[in-house]
Amino acid sequence: MAAITMKNIVKRYGDGFPAVQEVSLDVRDGEFMILVGPSGCGKSTLLRMIVGLEDITSGEMLIGGKVVNKVAPRERNLSMVFQNYALYPHLTVFENIAFPLRLAKTPNEEVNRRVKETAELLELTEHLDRKPSHLSGGQRQRVAMGRAIVREADAFLFDEPLSNLDAKLRGQMRTEISRLQRRLGVTTVYVTHDQTEAMTLGDRVAVLRKGVLQQVGSPRALYEEPVNLFVAGFIGSPSMNFLPASVDGSFLETPLGRFEVQDERKLAAVGDRDVVLVGIRPEHFEDASLVGDEKKSQGSIIRARVDVTEWLGNEQYAYVPYEAPADLAAQLRDLSRELDSDQLRTQAVVSLDAASTITPGREAELWIDTKRLHLFDPATSDNLTRDEEHVAELDRVAEESRAAQREAQREPAEGPGATVAEP
Ligand SMILES: Nc1ncnc2c1ncn2[C@@H]1O[C@H](COP(=O)(O)OP(=O)(O)OP(=O)(O)O)[C@@H](O)[C@H]1O
Ligand SMILES: [Mg+2]
């Protein structure tokens, strides 16, 4: 096991394209780190530089405290799983998993022991004599995983390993990977597009945009205290709504109506700006008729015309189109395009209680939890209202929960007989 440290890592491809720009990132020993960002932002490039499959243009890459810039991939002792994992069709599951050990000329007895342990861990024991073509997608994925973890690697690197699986299998494998990583405690860097994977798997998540690292933090810290418009819009689904607003004392004049910023700290953060972008997550709206009086007074009520509603059983979404000033509308459109979002019109997406009877085409009263809103600078995209104290608190809680989970995984309830040997 080893920590991975990146210092000002730059990657320029042969044609001069800057795929990764000055990325500095510390992956702690045993940590599960997620890399996310839109297509083409440099996730795979970064991962390939860690493994050694891609040269580093400048900066330093350290694994276990040693600079590895010039170290050959096979000497870095890392295991990588790709999206398009290739299994050897003519070899059994056993031999597919054993492959890296055979390459390293490991004695037979040890190969036997390690493959069996790995198969046990991945619930592949009864399939060891079968050929990959006879297995289901999820089983094949587990064989690929087995081949990666059978070696005593210092770290695991995953590049969208689940993207070829259907949604249900992906969900199952996700839980398995999480359990496995916590049990083995091996440093892991995991690249994904998938919101759910990013939010559920990692101890921390690193968000990349066009080769530049935007923010690193626990999933909660990213969700609740994003540093800028990009992270705010990228993390969370449906995305955070961004409303242009002109500032009038403690009031914000938005296309959805006028409401008050009741928080002194947030108000102070606005400074002398005339215009800001207000960020409100869909779940911080509610059908005003379903909100109790006490709660009502802690937020603001607006009247808006709902265009479409989508009832999903456990909740419902309502879409509220609005007009925005041309320059800000263009900025929001660019942002939503960059986020791979299909939301090209200026509209707010609000999440309402499933019991709400708000009807499309009519005016509705919506309550906004104004305590939860974020204010962004339209010029710099910075989150003006980020609360550093809250970030520290969220990080502390995440750290505690991570330690507790690891403790629980390492000491299974069945007693010492059930502990798992390192593969
Ligand atoms: N061999 C190459 N030569 C030149 N440019 C490249 C090369 N490989 C990747 N790039 C460029 O580097 C950027 C980052 O690519 P990378 O594959 O790291 O993105 P990614 O974040 O993994 O994207 P995706 O989510 O689509 O897999 C892209 O803009 C891509 O065009
Ligand atoms: Mg990629």
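Values as computed for the structure displayed
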read-out	value
Amide proton proximity set for ALA155, modelled H, under 5 Å, gap of 5+	SER79
Helix axis angle, 137-149 relative to the chain longest principal axis, alpha carbon, degrees	70 degrees
Residue-wise HN-Hα coupling along the range 289-298, computed from phi with Karplus coefficients 6.51, -1.76, 1.60 (Hz; x: Gly, Pro)	6, 9, 9, x, 4, 4, 5, 3, 6, 8
Those trypsin sites (Lys or Arg not before Pro) in the range 47-139 that DSSP places in a loop and that have at most 14 other beta carbons within 10 Å	LYS70, LYS105
Normalised contact order of the range 1-142, rounded percent, pairs of Cα under 8 Å and 6 or more residues apart	20 percent
Helix-derived mean residue ellipticity, 222 nm - over the chain, DSSP H n ≥ 4, -39500 (n - 2.57), to 500	-9500 deg cm²/dmol
Cα centroid separation - the range 188-222 against the range 264-280, whole Å	27 Å
Listed residues PRO132, PRO107, PRO219, most fluctuating in the chain (Gaussian network, C-alpha, under 10 Å)	PRO107
Size descriptor, Kirkwood hydrodynamic radius, that averages inverse alpha-carbon separations across the chain, Å	23.9 Å
Charge-dipole axis of the chain as Lys and Arg at +1 and Asp and Glu at -1 on Cβ define it, positive-most pick from THR175, LEU394, SER336	THR175
Pairs of lysines in the chain (C-alpha under 13 Å apart; 8 or more residues apart or interchain)	7
The range 229-385: C-alpha gyration tensor shape, a/c 1.5 cut-off, then a/b vs b/c	oblate
Cβ-placed point charges (K, R +1; D, E -1), dipole of the chain about Cα centre in debye, nearest 20	1760 debye
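Computed from the coordinates by the stated procedures, all read-outs in this text should not be read as laboratory data. Predicted, not measured: the structure shown is a model, and the values here were computed from it. Counting neighbours? That spans all protein chains shown, and the Cβs are built from the backbone with ideal geometry, glycine included.
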